[in-house]
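Scroll down for the structure; my scribbles are underneath it.
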Amino acid sequence: MSNTATPNSPTQDSTVPLAQQRQRNLPATAAFDWLAAGWRDLWNKPLPSLAYGVAVFGVSLGIVWGLIALGMDYILFPALAGFMVVGPLLAIGLYEKSHALETDAPVRLGRMIMVRAKSGPQVLFTGTILCLLILAWIRAAVIVYALFFGLRPFPGLDDVAAMLFTTSIGWAMLFVGTAIGGLFAAFSFAISVFAVPRLYDERTDAFTAMGTSISMVWNNLPVMIAWGAIVLLLFLLSVATGLVGLILVFPLLGHATWHGYRAMK
């Protein structure tokens, strides 16, 4: 019996290097195909997806308000960046809907909320790891601020732009902070973008799923860079609307991520 794997088969050919097994040779424009497929899923029985988006918007708004009310607005920007780290985890219910549409199964909001992932508790374990990564990212941001501004209190959101863009120290902190944040962002994106869809779809463990996600990203850089740019742009547009845009953007990206995973599988 042949052990040669097809591109969509979980069986791997041991004679082919792992890097080649993960290469899909997709053009960068394939990212827009995933987005278009996500758009179709969003508007196919749209109410559950939009309700999901409203819930994510409400939780996000509550977290932002809580940070400001507690005087912790100095971690607001890294916290918003960290939102993209846990985004694939929060979107697991949207994978459920996209999978249901593929298999002509009924689409119900209850099933999207109470998802039964094939990997079970490994999803929660992955979520814990991602949350710890966010905490490390926030701590790194605080340390960078302290290195440049010492024990000076954070000036608040109203004055932060002047502090950063009108002083040489501010520009230096922006440069260093952006470089460090970029490293965190790239690593976070690589380990999470396809890990949670795989944990939902297959019985595996968290570290295998995250390792596979890294391999998929590394061996398909053109399309993954394009996809990362799309995710970042749409998230920034959501932030510019006071997070209201998440009502539409989050389910769109969630459904599109599922189609990206299916293309990479």
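Do you know which residues across region 123-151 are surrounded by fewer than 16 Cβ atoms within 10 Å (Cβ to Cβ), within 15 Å of the chain's Cα centre (by Cα) and not hydrophobic (A, V, I, L, M, F, W, C)? Selection gives THR128 alone. For region 200-242, enumerate the residues that are at pLDDT below 90 and not in a helix (DSSP H, G or I). Matches in region 200-242: GLY242 only. What residue, among those in region 162-188 that are farther than 16 Å from VAL142 by Cβ and of a type in the set (Ser, Thr, Tyr), is modelled with the highest pLDDT? My answer is SER188.
Within region 77-86, is there a residue that is within 20 Å of ALA256 (Cβ to Cβ) and free of Cβ contacts under 8 Å to residues at least 24 places away in the same chain? So far as region 77-86 goes, no, none of its residues is within 20 Å of ALA256 (Cβ to Cβ) and free of Cβ contacts under 8 Å to residues at least 24 places away in the same chain. Counted as qualifying within region 1-118 are the helices (runs of 4 or more DSSP H) with 3 or more residues that are of a type outside the set (A, V, I, L, M) and modelled with pLDDT of 90 or more, namely 30-43, 46-69, 92-102.
The values are calculated or read from the model by the stated rules, or taken from the named source; none is laboratory data. All of these numbers come straight from a predicted model, not from anything done at the bench. Positions of Cβ are generated from backbone atoms using ideal geometry, with glycine treated the same way; all protein chains shown enter the neighbour counts.
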